[in-house]
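Shown next, in C-alpha cells, is the structure this report addresses.
The values are calculated or read from the model by the stated rules, or taken from the named source; none is laboratory data. Only a predicted model underlies this, so the values are computations on that prediction, with no experimental measurement involved. Positions of Cβ are backbone-derived with ideal geometry, glycine not excepted, and every protein chain shown enters the neighbour counts.
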Amino acid sequence: MSFRRKPRIFIHNARLVTHDAVVKDAWVLIGNGIIEATGTGRKSVPKGAALLDAGNNYLAPGFIDLHIHGDAAEISLRQARYGTTAFLFAIHTGAMEGISRALQRMKEAAQPGARCLGAYLEGPFISKDMAGAQPKKFIITPQKNAARRLLRIIGSDVKIVTVACELPGALSFIRSLRKRNIVAALGHTNASYEQARKAFSCGITHATHMFNRMSGISSREPGVSTALMLDDTLTTEVIADARHVHPALLRLLVKNRPKDKIVLVTDSVGAMGDDSLKMINGVFRMKDDTIAGSNLNMAKAVKNMVNLTDVSLPDAVRMASANPARVIGLDKKMGKISRDYDADLIIFDERFDMQMTMVKGEIVYVRDCRICGR
C-alpha cells in the first residue's frame, strides 16, 4: 500500500485564536495534516508549501461537537460548513438490537467533511420521568443482565453514555463504564442532590445538556442542577441556542463554573430526516410539543456565548474545541493550534460566518475561493 503525503500549507495574515488571546498577524505551517509551527509577523513561504491568505479573519481550532443526532455522513458534510471538524454520533434510547445497528451504520458511513470520533449513547438507562424525546418503551434499568449486554454491544465505539444515577444498578454500571474508559454522563435524570453527589464519587465526570431534562432547583430540593453547579471537577454540556436554556441561565453557568469545564454542544436533530418532527421557533418539537432537539450549529453556539454571556472569544472557542477534546481524552492532539496537533482548522469572520474548514490538513469547505487560492 502506497502512502501519499499531504501537501504543506502555509496560512498567513490571520487573527489566531489561542487559549486566552487573539494574536494578530499570525501564521501557521501545516505538513502532512499536522501543525508543524506557528508564529507572527513576516515569514517567507517555506519551499513547496501552498500559500493560504486568511484575509485577516479569525483562525481557530476546529469545533468538536460531542452531541449531535442524525445520519453520520450527512452530519459530516453539513456541519463542516459551520466549523465542526469532528463529532460524536449521538444515538437515542432504543432496543439493544437497534443500538447495535446504529453503531454499525456509523462505522460504515462516509466522512466527507467532519470526522466521526465515535458514538454518544443517550440511554437506555435513563429516567422515564425525564425522558423528553427519548422513547419511553425502550427505557430500562441497568441491572446486571442488561448492563452486561449493553457493555458487550458498545465495545470501544462508544465514548460517552448517559445514565440516570437514581436507577437500580446505576452506580455499579457507572463504575463499569469508568473501568472501560468510557465517559459516564449524568443526564435525563430525576435524581436528588444527594444521589447526584454520590454518583460523582462513583465515576460520573460529565453532564448531558445542563439544565435540560434534569431535576432543577427549589428551596428544599436542590436537585442535580445545583449539584453540578457546585462541583468544579465535572464537565457540563450546554445547548446555547437561547431556546433550550434561557440566556440568564447561560450567564449563571459561565459566572459560576470554570470556563474549561463548559462544553458547547448542538444536540441537533437537523440531519435525522424525521418527518414527525416540526421546527417551531428554532427548535424541533414532537407532536405533543415536547422539544426533541435543536437546529443549532457550533458556529452559532460560539457566537451566542459571546453575545449573550459576554465571555471572551477565546473562552467561547475553547468551549467548542479544547474542552470537548479533553472530555474524550483527545486533548493531546486535537482542540488547539499548536505544534504536532492535528491540522483541524477553521477561518471565520466578524459575523462568525465560516470562510474555510480544514480537517487533517485538507480543505473540506470553503466559502471564498480566494482563501484557498482557487
Problem - Neighbours by Cβ (under 6 Å, 6+ apart or cross-chain): first from the stretch 312-326, assigned by TED's automatic domain parsing to the domain that holds T84 and part of a helix (DSSP H, G or I); second among the aromatic types (F, W, Y) and buried (at least 24 other Cβ atoms within 10 Å of the Cβ) - result: A320/F63
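Report yes if some residue within the stretch 260-276 is in the same structural domain as A184 (by TED's automatic domain parsing), of a type in the set (A, V, I, L, M, F, W, C), buried (at least 16 other Cβ atoms within 10 Å of the Cβ) and assigned to a loop (DSSP other than H, G, I, E, B); otherwise report no.
The answer is yes, given that some residue of the stretch 260-276 is in the same structural domain as A184 (by TED's automatic domain parsing), of a type in the set (A, V, I, L, M, F, W, C), buried (at least 16 other Cβ atoms within 10 Å of the Cβ) and assigned to a loop (DSSP other than H, G, I, E, B).
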Completion exercise
Flagged in the stretch 227-253 as in contact with a strand residue (DSSP E or B) (Cβ under 8 Å, 6 or more places away or on another chain) and either of a type in the set (A, V, I, L, M, F, W, C) or in a loop (DSSP other than H, G, I, E, B) (or both), in numbering order, are L228, T233, L234, V238, I239, A240, D241, R243, H244, V245, L250, L253
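Condition check ((1) over 27 Å from L16 (Cβ atoms); (2) loosely packed, with under 15 Cβ neighbours inside 10 Å; (3) in contact with a helix residue (DSSP H, G or I) (Cβ under 8 Å, 6 or more places away or on another chain)) across all residues:
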| position | (1), (2), (3) |
| --- | --- |
| L29 | no, no, no |
| I34 | no, no, no |
| G48 | no, yes, no |
| A73 | yes, no, no |
Handout entry: Tally, over the stretch 335-347, of residues that are of a type outside the set (D, E) and buried (at least 24 other Cβ atoms within 10 Å of the Cβ)
Key = 6
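State all residues of the stretch 278-311 that are of a type in the set (K, R), under 22 Å from the mean Cα position of the chain (by Cα) and not in a helix (DSSP H, G or I); if no residue qualifies, say none. If you could, list the steps in order and put the result at the bottom.
Here is the first cut: in the stretch 278-311, the residues of a type in the set (K, R) are 278, 285, 287, 300, 303.
Now narrow it down to the ones that are under 22 Å from the mean Cα position of the chain (by Cα): 285, 300, 303.
If the condition is that a residue be of a type in the set (K, R), under 22 Å from the mean Cα position of the chain (by Cα) and not in a helix (DSSP H, G or I), then R285 is the only one that fits.
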Practice task
Filter the stretch 92-139 down to residues that are free of Cβ contacts under 8 Å to residues at least 40 places away in the same chain and in contact with a Ser or Thr (Cβ under 6 Å, 6 or more places away or on another chain) and give me whichever is nearest to S76 (Cα to Cα).
Solution key: Q111
Practice task
Any residue in the stretch 35-50 that's assigned by TED's automatic domain parsing to the domain that holds A343 and in contact (Cβ under 8 Å) with a residue 12 or more places away in the chain: show its pairings with residues that are loosely packed, with under 14 Cβ neighbours inside 10 Å and part of a strand (DSSP E or B) at Cβ separation under 8 Å, as long as the two are six or more apart or on different chains.
Solution key: T40/K24; V45/L51
Practice task
Identify, from the list K128, K107, K144, the residue that is modelled with pLDDT under 95 and more than 14 Å from the chain's Cα centre (by Cα).
Solution key: K144
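So which residues in the stretch 199-226 are in a helix (DSSP H, G or I) and either closer than 29 Å to L330 by Cβ or modelled with pLDDT under 95 (or both)?
A199, F200, S201, C202, V224, S225
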Completion exercise
When the stretch 173-189 is checked residue by residue, the ones that are in contact (Cβ under 8 Å) with a residue 60 or more places away in the chain and surrounded by fewer than 19 Cβ atoms within 10 Å (Cβ to Cβ) are N181
Problem - Subset of the stretch 147-168 that is farther than 16 Å from Q104 by Cα and hydrophobic (A, V, I, L, M, F, W, C) - its residue that is nearest to the chain's Cα centre (by Cα) - result: I160
Practice task
Examine the stretch 314-328 for a residue that is surrounded by fewer than 16 Cβ atoms within 10 Å (Cβ to Cβ) and farther than 16 Å from G83 by Cβ, and state whether such a residue exists.
Solution key: no
Problem - Pair list, Cβ under 7 Å, 6 or more apart: the stretch 63-91 residue within 17 Å of L264 (Cα to Cα) and without any contact (Cβ under 8 Å) to a residue 24 or more places away in the chain, other residue crowded, with 24+ Cβ neighbours inside 10 Å and hydrophobic (A, V, I, L, M, F, W, C) - result: none
Practice task
Would you point out the residue of the stretch 42-88, among those that are at pLDDT 95 or above and β-branched (V, I, T), that is farthest from the chain's Cα centre (by Cα)?
Solution key: I75
Exercise for the section: Considering only the stretch 156-182, state which residues are of a type outside the set (D, E, K, R) and more than 21 Å from N212 (Cα to Cα). Expected result: S156, V158, P168, G169, L171, S172, F173, S176, L177, N181, I182
